[in-house]
1. Mean-square fluctuation check for the chain, GNM, Cα pairs under 10 Å: which of Ala125, Ala85, Ala52 is largest?
2. Considering only Asn155, Gly141, His108, whose Cα is most displaced toward the positive end of the charge dipole of segment 16-167, charges sitting on Cβ of Lys, Arg (+1) and Asp, Glu (-1)?
3. Mind checking the dipole of segment 40-95: about its Cα centre, +1 per Lys or Arg Cβ, -1 per Asp or Glu Cβ, Debye to the nearest 20?
4. Kindly list the residues of segment 38-66 that lie in the label zone of His140, defined by a backbone N under 11 Å from the point 7 Å along the Cα-to-C-beta vector.
5. With Rg and Dmax of the Cα atoms in Å defined as stated, name the option among (i) 15.9, 46; (ii) 16.2, 55; (iii) 14.4, 41 computed from the structure displayed.
6. Expected output is a single nm value to one decimal: the length gained when fully extending between Ala117 and Arg16, i.e. 0.36 nm times separation in residues minus the C-alpha distance. What is it?
7. Let's see if you can work this out: charge +1 on each Lys and Arg Cβ, -1 on each Asp and Glu Cβ, no other charges. What is the dipole magnitude of the chain about its Cα centre, in debye to the nearest 20?
8. Can you give me the % of accessible surface on segment 26-167 that is carbon or sulfur? Probe 1.4 Å, all protein chains present, nothing else counted.
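The values are calculated or read from the model by the stated rules, or taken from the named source; none is laboratory data. Fair warning: this is a prediction, and the values are worked out from it, not measured in the lab. All Cβ positions, glycine included, derive from the backbone under ideal geometry; neighbour counts span all protein chains shown. Just so you know, the surface numbers come from the protein's heavy atoms only, side chains and all, with ligands and any DNA or RNA stripped out. Shrake-Rupley method; radii C 1.70, N 1.55, O 1.52, S 1.80 Å.
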Amino acid sequence: MTGATRATEETRTLTRSDAEDFLYHEAELLDGFQLDRWLELFTDDAVYWVPARHDEADPQRHVSLIYDDRGRIEERIWRLTVGPAHAQIPPSVTRRLITNVRVSGAEHGPVVRSNFAIFEVRKGAQRAFAGEYEHSLVPHGAGWRIRRRTARLVNCEAPIFNLTFLV
């Protein structure tokens, strides 16, 4: 990558409309169980975090429901698509709704916050999850990649049985 290209990428802004399109695409990949394509949205140093408490700010110092680096994300996808994910036999069917998308600037790229609702159906039972996503994005070619993805569940402090699909 040339210096001029790098400078252009570093100063590129993300509009709310583009952020919405990105989040809708991500939701479509997850709900369509296109997990290999979802993984392509992440940087090599990506982090995927689901805090276990509302007031957690540092996954290194608190217990998390999920705290994955890129390698653990790949392992999680392998288990869900190829490996022995017995808790997902049969697999969950999900549908995500994304709302209230907000974009703010940050030193290392844009931060996109949004509200979500996920409906899961498995073995004839339906569950609902709601919360707030926070995506830290970095420019990548003509698009964006996820450096950090946090999903703060509204019910994170309640018992959550068998959270084996991707939030």
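1. Fluctuation is largest for Ala125.
2. The residue sitting most towards the positive pole is Asn155.
3. For segment 40-95, the charge dipole is close to 320 debye.
4. Under cut-off, by backbone N: 38-47.
5. Identified label for the calculated read-out: (ii).
6. Extra length from Ala117 to Arg16 when fully extended: 34.4 nm.
7. 380 debye
8. Percent of accessible area from carbon and sulfur atoms in segment 26-167: 53.
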